[in-house]
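K.L.:
Provided herewith is a single structure, encoded as structure tokens, for subsequent inquiry.
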Amino acid sequence: MKIDHITLRHLRMQLKSPFETSFGRIQSRDCILIEAQASGLTGYGECVADRDPGYSYETTQTAWHILKAFLIPAILHQEVEDVADLQRRLAFVRGHPMAKAGLEMAFWDLMGKARRLSLQQLLGGVRQKVEVGVSVGLQESPDALVRTVEGYLSQGYSRIKIKIKPGRDVGDASAVRQAFPHIRLQVDANSAYTLETAGSLYPLDGLNMLLIEQPLDEDDLWDHSRLQKRFKTPLCLDESILSARHARQALEMGACRVINIKAGRVGGLSQAVAIHNLCQAQGIPVWCGGMLETGVGRASNLALASLPGFTLPGDVSASDRYYVEDITQERFVLNADSTIDVPDKPGLGVTIDMVALERATQGKLLLAHL
Ligand code: OSB
Ligand code: MG
């Protein structure tokens, strides 16, 4: 596969309602759409780095720079054999996993289209539909949160994740648990605690949570292992796991009992599959996390979540939960059993709505020559 040219687009996507986490509140989401052309085929990839460095150090602007100055020149007009070959050519760039993952996604889409295989088939997915939940941002008050959760439950979501931060943790979780005693419920702190302040979370252990996601710093596997010993509830790591090696070390240390897999965070779908395989061999449950993707990234997440080891519902909600106007013609809808169908057309299996894409585009760059 030889890529002839690549177009980068900086997109700004308007959310239907603000999304608030322990690291901030957003009303719109930035990302980069990577459009790669190879012998008449077009592949799309979504780079999930956001405008601000709150979830990760990467931003839309750093990813744009790394793609333009380093990653794309390393592969443009080259005969790239497969995904492993692509990653070898990108390995000289330290870090910047989201930039790499976006480019890898475009390459998977091209490969699927060239071989007439869906991404699910390329990755080894086994399910036609995957179980999903919804990630609910911080709300005005515990009462408002209960009403928001009620809305999602009535739409058919059977697993709820709520965002927490110091001062808005046990109270919020208790309110939801009291209102809905039997739902599958989990919390995500996005690194808002330290070993010292995490003591305020102990009452969560009595609320029958599925898991507690990323309470401590991303670079703090050791303290997560100390904290896990104090909880019966499984800790789940998101930000801390950047590779299969991290996953192995976290499990050896007892830093978590569940892993949230996001292809963007770990440098691409190939590394995401490697983490899945490692966890599956050890009987560790994994689930597919989300980064408020457009329809492009959503298609990728659904294919990934269809691998056999993804035994917990993913943060891969229906399209109508996110954007005023999405950039794919396909709309992912929630089935009555809290599942979403996995795309089965070649590659990602999505078509771009060019009018919506143009409206979302803030800037555009064509890279055709070295
Ligand atoms: O920590 O899982 C997270 C969104 C942006 C950044 C980080 C996270 C999230 C979510 C949203 O929880 C999941 C989704 O895409 O619905
Ligand atoms: Mg998370």
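K.L.:
Order these by the 10 Å Cβ neighbour count, fewest first: Ser22, Ser243, Ser17.
P.N.:
Listed from fewest to most nearby Cβ atoms, that is Ser17, Ser243, Ser22.
K.L.:
Could you state the angle between the C-alpha long axis of helix 97-115 and the longest principal axis of the C-alpha atoms of the chain, as a value from 0 to 90 degrees rounded to the nearest 10?
P.N.:
For helix 97-115, the angle is close to 60 degrees.
K.L.:
If you place +1 on the Cβ of every Lys and Arg and -1 on the Cβ of every Asp and Glu, how big does the dipole about the Cα centre of the chain come out, in debye to the nearest 20?
P.N.:
Values: 40 positive and 43 negative charges, 69 e Å.
Here the chain has a charge dipole of around 340 debye.
K.L.:
Between Asp217 and Met354, take the C-beta separation as r, use R0 = 30 Å, and let me know the FRET efficiency to the nearest 0.05. Don't jump to the answer; show the numbers that get you there.
P.N.:
Numbers: r = 42 Å, r/R0 = 1.39.
Taking R0 as 30 Å, the efficiency between Asp217 and Met354 is 0.10.
K.L.:
Let me ask something else about it. Pulled fully out, how much extra length does the chain show between Thr42 and Lys2, if you take 0.36 nm times their separation in residues and subtract their Cα-Cα distance? Before the final figure, lay out the partial values.
P.N.:
Details: separation 40, 0.36 × 40 = 14.40 nm, distance 1.19 nm.
Taking Thr42 through Lys2 to full extension adds about 13.2 nm, to one decimal.
K.L.:
Still on this structure, please answer the following. What distance in nm lies between label points placed 7 Å from Cα along the C-beta direction at Glu150 and Lys364?
P.N.:
Result: 4.6 nm between the two label points.
K.L.:
How far, in degrees from 0 to 90, does helix 269-282 lean away from the longest principal axis of the Cα atoms of the chain, to the nearest 10?
P.N.:
40
K.L.:
Shape of the range 121-341 from its Cα gyration tensor (a ≥ b ≥ c, root eigenvalues): rounded if a/c is under 1.5, otherwise prolate when a/b > b/c, or oblate? Present the calculation step by step, with values, prior to reporting the outcome.
P.N.:
Numbers: a/c = 1.78, a/b = 1.08, b/c = 1.65.
Verdict is oblate for the range 121-341.
K.L.:
If you fit an axis through the alpha-carbon atoms of helix 244-253 and take the longest principal axis of the Cα set of the chain, what angle between them do you get, 0 to 90°, nearest 10?
P.N.:
20
K.L.:
Fully extended, how many nm does the chain gain between Asp337 and Asn277 (0.36 nm per residue separation, minus their Cα-Cα distance)?
P.N.:
Numbers: separation 60, 0.36 × 60 = 21.60 nm, distance 2.67 nm.
Answer, rounded to one decimal: 18.9 nm.
K.L.:
For the range 48-125, state which chymotrypsin sites (Phe, Trp or Tyr not before Pro) are in a DSSP loop and have at most 16 other beta carbons lying within 10 Å of their beta carbon. Display every interim value, and only then the final one.
P.N.:
On the way: sites: Tyr55, Tyr57, Trp64, Phe70, Phe92, Phe107, Trp108; in loops: Tyr55, Tyr57, Phe92.
Passing both the DSSP loop test and the Cβ count: Tyr57, Phe92.
K.L.:
Nearest 500 deg cm²/dmol is fine: what mean residue ellipticity at 222 nm does the chain get from its DSSP H runs of n ≥ 4 alone, each adding -39,500 (n - 2.57), divided by its residue count?
P.N.:
So the helix-based figure for the chain works out to -9000 deg cm²/dmol.
K.L.:
Sort out the exposed loop trypsin sites (Lys or Arg not before Pro) in the chain (DSSP loop, at most 16 other Cβ within 10 Å) and tell me the longest stretch that has none. Can you show the working numbers first?
P.N.:
Values: sites that count: Arg51, Arg94, Arg116, Arg127, Lys229, Arg230, Lys232, Arg331.
Result, exposed sites excluded: 128-228.
K.L.:
Would the chain count as rounded, prolate or oblate if I go by the C-alpha gyration tensor, calling it rounded below 1.5 in a/c and otherwise prolate when a/b exceeds b/c, oblate otherwise? Each step should come with its number before you reach the end.
P.N.:
Values: a/c = 1.72, a/b = 1.50, b/c = 1.14.
Cα axes put the chain in the prolate bin.
K.L.:
Please report, in Å, the Rg and the Dmax of the range 1-75, where both are computed over Cα atoms only.
P.N.:
Calculated on Cα positions, Rg and Dmax stand at 14.4, 45 Å.
None of the figures in this text is laboratory data; all of them are computed from the coordinates on show. Note that this is a predicted model, so its numbers are computed, not measured. Neighbour counts are summed over all protein chains in view; Cβ atoms, including those assigned to glycine, are modelled from backbone coordinates with ideal geometry.
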